[in-house]
Amino acid sequence: MNLIISLFSGFISAFIGMTPPGLLNMTAAKVGLKEGKRNAFWFVLGAVLVIFIQVYLAVLFARIINARPDIIILLREVGLGIFTLLTIYFLGIAKKPKLKQPKIKKNSKKKRFFLGMLLSALNFFPIPYYVFVSVTLYSYAVFSLDTTSGFTFASGATLGSVLVFYFYISFFQKIEQKADFLLRNMNIIIGTITGIVSIIALINILEYYFM
């Protein structure tokens, strides 16, 4: 049962983290549109291979961090500051982004596979994101930080990422028509999310000091 929960938690975490338009999923969609689903599949395969490693490393980092309560509270305080600044930036300062789609040149399956690995490796966001998710789930006794659970969680995150890639590749034309609307409001969406995270972090810090 715990493994099922770990798998599902990884799946949901990846689905949430990967759904907003980004370099990886937009590139996968453009490859699928211009070169066919087969080349897009090889791109995705390379990307999710790196994502699996990143998520598993994040769980290992979370295990180390969890053994030091002082580090956890420090990370929460730093996270509160960072997410508060991000909320202020996205809701009050940032300009509305413009849609810039990556240019795609037709290449072999092998090149697409390594392109997926490269772009995924250059994306450092997953590691701190999954460290935060892992520590948070563990603090609520939803998730265990042992090796088996970590592997299962990473597998679930990989499956969730594949599903998001599939949606982008299969329904890119519909997404493309609505991309301008999504990007015009992306600052509000991200700012709202970071604001909610800031509130949760603040509550956790207050509970640590006063309860």
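Descriptive notes on the structure:
Residue by residue, here is whether (1) in contact with a strand residue (DSSP E or B) (Cβ under 7 Å, 6 or more places away or on another chain); (2) loosely packed, with under 14 Cβ neighbours inside 10 Å; (3) at pLDDT 70 or above; (4) in a helix (DSSP H, G or I) holds:
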{"residue": "107", "(1), (2), (3), (4)": "no, no, no, no"}
{"residue": "114", "(1), (2), (3), (4)": "no, no, yes, yes"}
{"residue": "138", "(1), (2), (3), (4)": "no, no, yes, yes"}
{"residue": "162", "(1), (2), (3), (4)": "no, no, yes, yes"}
{"residue": "165", "(1), (2), (3), (4)": "no, no, yes, yes"}
{"residue": "175", "(1), (2), (3), (4)": "no, no, no, yes"}
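- Taking (1) open to solvent by 30 Å² or more (accessible area, probe 1.4 Å); (2) under 23 Å from residue 144 (Cβ atoms) in turn, residue 10 satisfies each apart from (1).
- Condition check for residue 148: surrounded by fewer than 17 Cβ atoms within 10 Å (Cβ to Cβ), at pLDDT 80 or above and either more than 21 Å from residue 27 (Cα to Cα) or of a type in the set (Val, Ile, Thr) (or both): yes
The values are calculated or read from the model by the stated rules, or taken from the named source; none is laboratory data. Everything numeric in this text was worked out from a predicted model, so none of it was measured. Every residue, glycine among them, receives a Cβ derived from its backbone with ideal geometry; neighbour counts consider all protein chains shown. Areas reflect the complete protein model, heavy atoms only, side chains present, ligands, DNA and RNA absent. Shrake-Rupley method; radii C 1.70, N 1.55, O 1.52, S 1.80 Å.
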